[in-house]
1. For a quick protection proxy, order the peptides 198-208, 160-170, 177-187 by their average other-Cβ count within 10 Å, most packed first.
2. Relative to the longest principal axis of the chain, what angle (0 to 90°, nearest 10) does the C-alpha long axis of helix 94-116 take?
3. Size of the dipole of the stretch 107-212 about the Cα centre, Lys and Arg at +1 and Asp and Glu at -1 on the beta carbon, nothing else charged, in debye to 20?
4. Can you pull the accessible area of Val125 for me, 1.4 Å probe, Å² to the nearest 10?
5. Please give the net charge around Val191, taking every other residue with its beta carbon less than 12 angstrom from that of Val191, where Lys and Arg add +1 and Asp and Glu add -1.
6. So what is the relative contact order of the stretch 10-113, in percent, for Cα pairs below 8 Å that sit 6 or more residues apart?
7. How large a share of the accessible area of the chain, in percent, is made up of carbon and sulfur atoms when the probe is 1.4 Å and the other protein chains stay in place?
8. Give me the distance in nm between label points sitting 7 Å out from Cα along the Cα-to-Cβ direction at Val205 and Ala19, one decimal.
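The values are calculated or read from the model by the stated rules, or taken from the named source; none is laboratory data. Keep in mind the model is a prediction, meaning the values are calculated, not measured. Here the Cβ positions follow ideal geometry from the backbone for every residue, glycine too, while neighbour counts run over all protein chains shown. When the accessible area is computed, the model is the full protein with side chains, heavy atoms only, and any ligands, DNA or RNA have been set aside. Shrake-Rupley method; radii C 1.70, N 1.55, O 1.52, S 1.80 Å.
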Amino acid sequence: MTESLPFADRTDAGERLAALLDDREVSADLVLAIPRGGLPVGRAVADALSVPLDVTVARKVGAPGNPELAVGAVGADGSLWRNDDLIARLGVSEGYVDSQAAREAEAAREKRDRYRGGRDPLNLVGKAVLIVDDGIATGATTVACVRQARAAGADRVIVAVPVAPPEALADLETEADGVIALSTPANFGAVGRFYRSFEQVPDEVAMTYLVG
């Protein structure tokens, strides 16, 4: 879908995403936002749908010597997505993948618990869950979040974002029950280029979006 760009900021993107969800009659029992940037978007969507908001956290498993290149991604619960083609092409050992995944899962758990501040997680069993972020570049961590929601008992998992490249959405469609984006530009580059204001969201600010 083509949508007027850029977004003013993440809240604007969330409001416009919520309007698209309404147009498509997409409903959900709750919204899970990927921190930090996904929380302003998720707050706007959750408010529009009148449903609770929680976080879902995953971390990239970087390649040896190149941590920005994802050979996988792991959720806070240990749910792992592996890029088996890349692992084989780079000759990455199973031991490396396992050890890095365990380390990143622990970091994801710490971040999730810090954001929740002692609050109990929302119950996902039998629920329709909407996973929201401010955009998708490769989709690796988003896949891990989808798997995490399924492992927690979600009945239906839909990913909704303001912007993402077509190839990332195609990969996610094999994991989620639905994938929705306001804009899918072929010449992608990076999420931030589709926003007029895309400053980093500090943890202490991001956490305030969970109180609503």
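1. Descending packing order for the listed peptides: 160-170, 177-187, 198-208.
2. Result, in degrees: 30.
3. Values: 12 positive and 14 negative charges, 49 e Å.
Taking the Cα centre of the stretch 107-212 as origin, the dipole is about 240 debye.
4. Here the residue's solvent-accessible area equals roughly 90 Å².
5. 0
6. Numbers: 151 pairs, mean separation 22.8, N = 104.
With pairs under 8 Å counted, the relative contact order is 22 percent.
7. That share works out to 47 percent.
8. Between Val205 and Ala19, the label points sit 2.4 nm apart.
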